[in-house]
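Read through the structure below, which is laid out as structure tokens, and then see the notes.
The values are calculated or read from the model by the stated rules, or taken from the named source; none is laboratory data. Remember, it's a predicted structure, so these values are computed and weren't measured experimentally. Heads up, the Cβs are rebuilt from the backbone with ideal geometry, glycines too, and the neighbour counts pull from every protein chain shown. To get the accessible areas, we keep the full protein, side chains included, count just its heavy atoms, and leave off ligands, DNA and RNA. Shrake-Rupley method; radii C 1.70, N 1.55, O 1.52, S 1.80 Å.
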Amino acid sequence: MKKMFGIVAILLILSVFSANARERILINFDWKFQLNDHPEAKEAAFNDENWQVVNLPHDASIYGPFVKDTLGGTKLNGYRPRHIGWYRKHLSINENLTGKKVYLDFEGVYRASDVWVNGKHCGTYLNGYIDFQCDITDLIKQGDNVVAVRYDNTNQVSSRWYTGEGITRNVWLTIVDNMHVARYGTYVTTPKITDKYARVNIETEVENDQTDSTVCKLVTDIVSPAGSVVASRISVVRLGAKEMFTFRQEAKVSDPLLWDLKTPNLYKAVSKVYNGDQLTDRYETNFGIREVEFTPEEGFLLNGKKVFLNGVCLHHDLGPLGAAAFDAGWEKRLGVLKNQMGCNAIRLSHNPYPKFVLDWCDRNGILVFDEAYDKWNSQYYGPGNSFDDYWQADVRTFIRRDRNHPSVFIWSVGNEVINQYTGEDTTFGVPQLKKMVDFVHQLEPTRKVTCALYPARYNAVKYNNSAYYTSAPHQMAFYMDVMSVNYQAGFFKKDKLKYPQLTYLLSEEGTGEGGYGFFGYDHSYACGQFYWGGTEYFGESFGWPSKGWINGAIDLCNNLKPVAFSIASFYRTDPMVKIAVYAKNDAKEKLWNDFKIKWLPMCFHWNWKESEPLTVQTFSSCDSLELLINGKSQGVKSMANCENHKMTWNVNYQKGEIKAQGRIGGKVVSEDILRTAEKAQRIVLEADRNMIKADGLDLAYIAVKVVDNNGIIVPFADNKINFKVSGEGTNAGVGNGDITSDELWQANSRSVYNGTCQLVVRASRKPGEIKINASAAGLKSATVTIRTNFAE
């Protein structure tokens with residue numbers, strides 16, 4: 001593996017805290033890092049001068065070549081290496097923190113992390129997907145402090161997909177007064193909503209960490225989406241020493257603005273805590289006024305109206321960035337899913353996701369299937385650690401963290417759990433499911449709870465059992481609020497006749513050749529569906545040379561594949577047309593989850609052999625389409641006459657241009673054109689943004705294209721593009737759409753695939769310009785400039 005060493009450390013100097021009652025300081029920058037085990041590194045005096053300097057979020061496994069040895073990779077982990085590693089961070093504190101509580105908040109460290117401050121152990125945290133907090137009040141001091149973090153990702157059966165490793169998410173230093181709102185201590189619900197008003201209930205947990213009792217006043221302001229205070233409540237109580245008290249307040253909001261998919265209005269509860277007359281804490285909680293329902297007759301309803309969930313399942317890596325959870329990386333991916341593919345829902349499989357993902361969905365009107373676990377076993381906690389010993393604490397954190405997000409419409413406690421097959425005493429997972437469902441209901445009673453089932457039939461029978469086709473739903477289906485099944489919607493019609501009380505949700509549906517399972521069941525009573533997978537992801541490979549799941553709708557660089565455009569034609573309501581071409585029905589096929597997964601090698605180009613017979617498929621949300629080759633019509637077809645929205649045309653190739661025009665009511669409203677490319681001549685760089693924030697975290701995605709003299713992408717080009725990034729930014733990763741490629745993701749070059757590749761650039765913390773140059777032998781080079789500035 002390529003090693004990275006030798007940058008001078010920079011100290012974070014915290015000399016003056018602002019007048020705010022609560023300080024939350026991002027400490028992502030200038031950490032020291034080293035692979036392998038260094039037990040002595042926990043000591044404050046340890047010499048880390050020769051360690052590498054890294055900025056978080058950081059995935060230590062994404063660097064260097066792919067490996068095939070047992071410990072280093074395996075197909076489940078995308079053939080990426082597994083390590084033990086250490087981080088160290090110097091914090092210089094010049095302020096007197098008497099009367100304050102000081103915490104380190106880690107949003108995620110993968111996996112089995114230990115934290116020390118000034119040589120003192122703060123705790124061990126096994127689950128790499130859940131955030132944790134370290135109370136360092138008694139460990140931190142004025143002057144230089146050292147935070148040391150060790151992780152261990154050498155467990156070979158840790159998750160069934162690529163996990164990444166290290167401090168993959170943000171880290172915060174939180175400073176509060178001794179009287180403050182507890183961690184995730186607010187819970188806002190809207191139990192009654194009418195056109196004229198909404199009742200808002202607010203529970204607020206306040207901690208008094210002082211040694212004396214005192215009078216505490218809580219003022220809660222409800223702030224509208226426009227920023228004005230629309231309701232306020234005041235409560236006063238005497239708190240005992242070291243007491244935590246739960247305030248319960250009720251407010252009325254007139255003329256409420258609802259949170260829904262088109263207008264995701266967000267209110268804010270501002271909690272102000274006073275010790276006597278002194279403000280000691282100010283804590284903000286975003287929430288939405290909305291009503292979520294499930295019924296056997298209509299499925300899922302939002303604000304009293306049926307919404308069919310047009311969703312996809314995700315995993316947590318971000319392609320070339322690995323598992324490093326950049327906000328800008330998630331904004332890019334989620335924006336593609338919503339705006340280009342037409343998704344109104346996502347399933348966060350099979351673990352807690354970065355907080356930003358839920359915040360983005362709140363702001364942008366995307367519904368979230370929020371899932372805590374995959375299997376109920378040691379994969380999250382490591383060998384020798386029982387799932388039973390840890391799940392309650394982690395589920396409590398998970399629920400408390402996410403419960404105020406209006407985007408979250410359902411809780412999931414598992415996926416295809418092994419307990420389904422037998423369980424203890426042939427209980428088929430029911431006792432454990434009941435425990436978890438009841439536990440979640442006690443914590444958060446406003447949402448339904450589910451668990452994704454496969455096999456989803458009684459006694460876990462599969463298709464190779466004679467009882468399969470006449471079987472009842474799995475035993476677990478009757479002990480969850482909503483029955484979620486993977487890949488078996490074909491049973492919905494039969495089950496509904498016999499078990500009318502059940503509510504049906506398709507938690508996984510295969511993308512296949514075009515996602516046509518969408519048409520295989522009655523949508524009138526089903527809640528909706530989630531395609532597996534919404535994107536390609538590292539790990540869970542069918543085998544070398546594939547580095548991951550090849551049947552995602554979107555590739556690792558966020559480009560829509562042909563199947564994604566097929567799905568978009570079902571999901572989107574705005575006019576869209578896309579052409580894909582293939583030379584013969586050369587379908588690929590793999591067996592997965594007892595099902596045959598098929599896909600076609602479709603292409604987005606018009607470079608074929610003269611007169612070659614071709615099949616053209618046109619994906620569209622329009623009523624009808626006309627296909628033209630070099631201006632000559634090949635006919636007009638109505639989508640209503642195309643089974644499963646599948647419109648194909650048999651043509652013979654002619655060099656030039658093929659065009660599809662989509663019509664609604666006879667009027668052309670959308671079109672797509674493919675043109676024959678000539679010899680590759682030059683490189684084109686297209687940045688998704690010309691201005692990004694100079695915060696050390698923002699990203700720009702650069703689409704790199706090899707084109708001919710007419711600017712048409714050359715589909716068979718395979719040039720290696722060399723990148724030079726200068727100024728106020730760095731190369732954060734490179735990629736292309738080829739999941740079988742052995743090229744490095746963290747490198748200064750990348751070969752184009754189907755004529756394109758991608759460069760991701762990370763801003764520094766200084767305003768200025770980032771200059772990107774791309775060159776390749778035999779091609780005219782290209783340059784693009786991106787400006788960086790401080791956020792307003």
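When only Cα pairs below 8 angstrom with a gap of at least 6 residues are kept, the chain shows a relative contact order of 9 percent. For the chain, the longest principal axis of the alpha carbon atoms and the long axis of helix 355-364 meet at an angle near 60°.
Given a 1.4 Å probe, how much area per residue of the chain is accessible, in Å²?
On a per-residue basis, 39 Å².
Once C-alpha pairs closer than 8 Å and six or more residues apart are averaged by separation and normalised to the residue number of the range 58-214, the relative contact order reads 26 percent.
Distant-in-sequence amide contacts of Ser624, defined by a placed amide H-H separation under 5 Å and a gap of 5 or more residues or a different chain, comprise Met639, Arg663.
Relative contact order, whole percent, for the range 379-476 stands at 28, derived from Cα pairs under 8 Å and 6 or more residues apart. Sequence-ordered 3J(HN,Hα) estimates for the range 242-249 from the Karplus curve with 6.51, -1.76 and 1.60 and θ = phi - 60° stand at 6, 9, 10, 10, 9, 7, 10, 10 Hz, glycine and proline given as x. For helix 562-571, what angle does its Cα long axis make with the longest principal axis of the chain, in degrees from 0 to 90 and rounded to 10? For 562-571 against the chain, the angle is about 70 degrees. Other residues lying with their Cβ under 12 Å from the Cβ of Leu367 contribute a combined charge of +1, Lys and Arg counting +1, Asp and Glu -1. A value for volume of the Cα convex hull per residue in Å³ was derived from the coordinates, and within the list (1) 173; (2) 228; (3) 320 it appears as (1). Relative to the longest principal axis of the C-alpha atoms of the chain, give the angle of the C-alpha long axis of helix 430-443, reported between 0 and 90° and rounded to the nearest 10°. In the chain, helix 430-443 runs at an angle near 60 degrees to the longest axis. Restricting attention to the chain, close to 80% of DSSP beta bridges with both partner residues there are antiparallel. Rolling a 1.4 Å probe over the protein heavy atoms of the chain, with every protein chain left in place, gives an accessible area that is 47 percent carbon and sulfur.
For the chain, the list of Cys residues with no other Cys C-beta under 4.7 Å reads Cys216, Cys313, Cys343, Cys361, Cys451, Cys527, Cys557, Cys603, Cys622, Cys642, Cys757.
Each peptide in 749-757, 392-400 gets a packing score, the mean of other Cβ atoms within 10 Å over its residues, and the list from highest to lowest is 749-757, 392-400.
When the helices of the chain are scored as -39500 (n - 2.57) per DSSP H run of n ≥ 4 and the total is divided over every residue, the value at 222 nm lands at -2500 deg cm²/dmol.
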